[in-house]
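Asker: Can you keep this structure in mind? I'll have questions shortly.
The values are calculated or read from the model by the stated rules, or taken from the named source; none is laboratory data. On a predicted model such as this, the values are computed, not experimentally measured, just so you know. A quick note on method: Cβ atoms are made from the backbone with ideal geometry, for glycine too, and the neighbour counts reach across all protein chains shown.
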Amino acid sequence: KRIYFQAGPTTLPKEVMQQAKEEWDDFLGTGLNIMEHSHRGSEYEGIHNQAKTRMKRLLDIPDTHEVLFLQGGASLQFAMIPMNLIQSGKTAKYILTGSWSEKAYKEAQKIGSCEAVVTGKDSEYRALPEMNYVSSENDAYLHITSNNTIYGTQWPDLHAFKHPNLVADMSSDIMSRPLSIKDYGLIYAGAQKNLGPSGVTAVIIRKDLLQENKSVPSILSYCVHAKNNSLYNTPPVYSIYLLNLVLGWIEKSGGVVEMEKRNHNKAQVIYDAIDQSNGFYNGYATPESRSNMNITFTLESDALEKQFIKESEENGIYGLKGHRSVGGFRASIYNAVPQESCDSLAQFMKHFQEKYGK
Ligand code: PLP
C-alpha cells in the first residue's frame, strides 16, 4: 500500500471518497450526479448552504463575517484583495515570508499603492521575521501568509498581528487549528490542501469590507458575490460538494481542536527523526518557525538525496521531493494524512540513516 506526502493538488480523507463514490450516479435517490443538478435547485442549494454553515460552525465565524465560495484559486485573491480593498489615499502593507506572499505583493503592485513592511528574505525564508510592524491609519490592510507551503514555516501565534484589517492567506493551513475570526478583515484559502479539491476558494470577509465599488468588474467584486450568496455565476458544483463532505469529516473527527492535536503529533514524529539524527537530516526551517503542515529537510549530498527518494519509493512512500526552489524534501501532512503515514516515514528515515549515516 502506497502512502503519499505530496503538497497537492489535494489529499482527501478515505471516508469522503467512499461517500462520493456511493453517491456518484444517484445523489439522494435522484438518479443524477450532484453535478447534473441545477445550481439553482434545492438539491444543490442544500449542499451549498450546508458547506457554508459547516465552515461557520467549525471556525466559530461570527455574524460580523461572511463566507464566500469563489473560483480562480488563491492566485485570483492576490488580485481581488487589492482591487476591492485599497481605497484612494491608502496603502496596502505586506509581510513577506516566502514565494506566495511575494506573489501576492507583486500582484498588488500592479493594482494600487502597497509596501512590503517586513521580510524574512534575508534568512532565505528559513525563519519567520520578527513582527515589529505597528499599524498606521493609512493602511488599507496588512497581508500575511499563515503557512509557507514551500519553505515549511508557519506563524505559531496569529495573535501577534494586531491590525484592524488583517488579511491572511491560509491556503495551506486553514482548518488545521482554531482561529479567532474577529481578528481578521479577510481570510482566503484555495481549497485544495485541507478543504477539498481545487476549483473552489474559501473567503471569509468582515461585512464592513463588502463595499460596492463601481470600477471593480462584477465577477471580481466581493460585494457582488456576497449579495448573491456565491451564486452570481455557475459555482464549481462538484468541488463545493466535496468540500462539504470534507467539512463533515472534520466535524465528525472532533473539529479543529482535534485537527490541531493530530497535526502536532504527526509533525512531531518527523521533526524528532530530524532532530535525533545528529545532523544527518537538516531541517530547512528554523525550529521556532516550523510548520505542522509542510516539513522540509535536506541531506548532505545530491547523491544521498537521490538514494533517499529511490528507497522511500521502494518502501511505498511517495511525494517527498521538495519544491524546486528549496530542494531536498518536503513532507506535506495535511489534515487527511493519518498518523500511521507519519510514523512510517519517521521509521523509514531512521532505517535510512542507519544504513548510510557515518
Ligand atoms: N498561497 C499558498 C500559501 C499556497 O500554498 C498556494 C499553492 O500552493 C497558493 C497561494 C496558490 O494557490 P492557487 O494555486 O489556488 O492559486
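Asker: Against the definition (out of contact with any helix residue (DSSP H, G or I) (no Cβ under 7 Å at 6 or more places or on another chain), of a type in the set (Ser, Thr, Tyr), modelled with pLDDT under 95 and in the same structural domain as Thr234 (by TED's automatic domain parsing)), how does Ser123 come out, yes or no?
Answerer: When the stated conditions are applied, Ser123 does not pass them.
Asker: Something else about it: Being out of contact with any Asp or Glu (no Cβ under 7 Å at 6 or more places or on another chain) and within 16 Å of the ligand (Cβ to nearest atom) is the requirement here; does Gln109 meet it?
Answerer: no
Asker: Taking Val269, is it surrounded by fewer than 22 Cβ atoms within 10 Å (Cβ to Cβ) and not assigned by TED's automatic domain parsing to the domain that holds Asn49?
Answerer: yes
Asker: Asp183 fails exactly one of the following numbered conditions: (1) among the charged types (D, E, K, R); (2) closer than 21 Å to Ser332 by Cα; (3) in contact (Cβ under 8 Å) with a residue 12 or more places away in the chain. What is the number of that condition?
Answerer: The one condition Asp183 does not meet is (2).
Asker: Next question. With the structure loaded, tell me whether Tyr125 is within 24 Å of the chain's Cα centre (by Cα), assigned to a loop (DSSP other than H, G, I, E, B) and within 14 Å of the ligand (Cβ to nearest atom) or whether it fails that test.
Answerer: Yes, satisfied.
Asker: Kindly establish whether Ala331 is part of a strand (DSSP E or B) and under 19 Å from the mean Cα position of the chain (by Cα).
Answerer: yes
Asker: If a residue has to be surrounded by fewer than 14 Cβ atoms within 10 Å (Cβ to Cβ) and over 17 Å from Val237 (Cα atoms) to count, how many in region 44-64 make the cut?
Answerer: Residues flagged as surrounded by fewer than 14 Cβ atoms within 10 Å (Cβ to Cβ) and over 17 Å from Val237 (Cα atoms) within region 44-64 amount to 5.
Asker: Val67 passes all but one of (1) away from the ligand (no atom under 16 Å from the Cβ); (2) more than 19 Å from the chain's Cα centre (by Cα); (3) in the same structural domain as Glu137 (by TED's automatic domain parsing); which number fails?
Answerer: Just one mismatch for Val67, condition (2).
Asker: Here is a follow-up. Taking the condition of being on the phi < 0 side of the Ramachandran plot, within 12 Å of the ligand (Cβ to nearest atom), crowded, with 23+ Cβ neighbours inside 10 Å and assigned to a loop (DSSP other than H, G, I, E, B), how many residues in region 138-196 meet it?
Answerer: 13
Asker: Only one of these is buried (at least 22 other Cβ atoms within 10 Å of the Cβ) and of a type in the set (Phe, Trp, Tyr): Phe348, Phe280, Phe297, Phe352. Name it.
Answerer: That would be Phe297, the only listed residue that is buried (at least 22 other Cβ atoms within 10 Å of the Cβ) and of a type in the set (Phe, Trp, Tyr).
Asker: Right, another one. Please tell me if His37 is under 26 Å from the mean Cα position of the chain (by Cα) and over 17 Å from Asn194 (Cα atoms).
Answerer: Against the criterion (under 26 Å from the mean Cα position of the chain (by Cα) and over 17 Å from Asn194 (Cα atoms)), His37 does not qualify.
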